[in-house]
Amino acid sequence: MRRHPPRTRLARAACAAALVPTLASCGLLSDSAKADGPALSAPAGVTAQAGSATSVHVMWNRPASTAEVKEYEVYRGAKRVKRLPAERHMVDVTGLTPTSRYVFTVRARGTDGSLGPASTRVTVTTPAAVKEDRAAPSRPTGLRGEADGSRAVSLAWRKATDDRGAASYDIYQGAMKIHSVGGRETRALVTGLRPGTAYAFSVRARDAADNTSAASGTLRLTTARGKGEEGPGTAPAEFEASTRHTKGAYYIDLAWTPPRTGGEVPAYQVYLDGREATTVMWGESAPAGSATYSFYIGKKPHVKHRVKLRAQLPDGTWGAFSTERSVVTGKAAEKG
């Protein structure tokens, strides 16, 4: 299984053995930040998808910090190109040049006026312009889906046809575009919904010349009633855990398959013995297939631990937990 080196919030030195460190105890917060409340962190999970030869669809998740966000600023290179209110997490940047490379970042501005750090840089290249292409793709057909718990729905459709291929698919909730995936995708996970609420969804295809298809048929779904729990489709799948002994210490090795959200999953929360242990963040190199992660657990043999994890969803919230696994240092994993 291929390994993808993530970035993690665990401090690598003094806090490594604690496994549940706080930023303040590791000296990572300034005195002013401790006094004035949590500082803004960078928006996570930033993605950029070419919607046409002259437009790019940028999406991001809320920052992991608890600081309040007033608005987001989207940058193309060093130039700010969009400002959006806190409830928006996507935007189409238009007026671009075909076959050109662009770099985007996003920053959050707090209610106190402070500007947070820039997100991970994402690079995208617009496709070539298509001369005299006035034909829109066919409308996507076979739209189907189901409520996934009380806060999400999963959608799928049959691909549209176009003489030069679909560049992207736009998902609409009523008359408002709420999500976009690449032209090779035929499914999406829509999150951030309300429990016990009826929604109407449709999908449109867009080609490189920015011709947009007619809308698919409307799909009406109602989320489950509850307290906002995420459905099982938002949980990492095929989750396994095992221990290994290396140079006098024990480590827990994790492996799983990311939930299919229609985009990258930028971060995971790992829980150890019922408590949050760390957040694993990939940024630009988030794995689309299998994922792995390892962490130090101690030097004593025959110690039992329980471990599980959950993924960050497109709206910045956390999905359902994976199956919980039990491991004993020096022994094979037990099924949870």
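Values quoted throughout were computed directly from the atomic coordinates according to the rules given, and no laboratory measurement underlies them. All values derive from a computational prediction rather than experimental measurement. Reconstructed Cβ throughout: ideal geometry from the backbone, glycine too, with neighbour counts over all protein chains shown.
Points to keep in mind about this one:
- Positive minus negative residues near R144 (Lys, Arg vs Asp, Glu; Cβ under 14 Å): +2
- Cα-Cα over 24 Å, subset of K82/K131; K177/K308; K70/K308; K247/K300; K247/K331: K82/K131; K177/K308; K70/K308
- Restricting the GluC sites (Glu not before Pro) of segment 54-99 to loop positions (DSSP other than H, G, I, E, B) with no more than 11 neighbouring Cβ atoms within 10 Å leaves E87.
- Each of Y172, Y296 was scored by other Cβ atoms within 10 Å of its Cβ. Arranged with the fewest first, they read Y296, Y172.
- T99 versus K247: modelled label distance in nm, points set 7 Å from Cα along the beta carbon direction: 5.0
- The simple spin-label model puts a point 7 Å past each Cα toward its Cβ; for R194 and K177 those points are separated by 2.5 nm.
- Mean-position separation - Cα centroids, segment 47-67 and segment 292-333, in angstrom: 30
- Length added when fully stretched, D273-R164, from 0.36 nm per residue minus Cα-Cα: 34.0 nm
- Taking other C-beta atoms within 10 angstrom as a stand-in for reagent exposure, T99, T317 fall in the order T99, T317, fewest first.
- Separation between Cα centres of segment 84-104 and segment 109-134, rounded to whole Å: 4
- Exposure proxy order (Cβ contacts within 10 Å, fewest to most) of R107, R184: R184, R107
- The residue among V203, L193, M176 whose Cα reaches farthest toward the positive pole of the charge dipole of segment 141-222, with charges on the beta-carbon of Lys, Arg, Asp and Glu, is L193.
- For the pair R187 and D112, label points projected 7 Å from Cα toward Cβ lie 4.4 nm apart.
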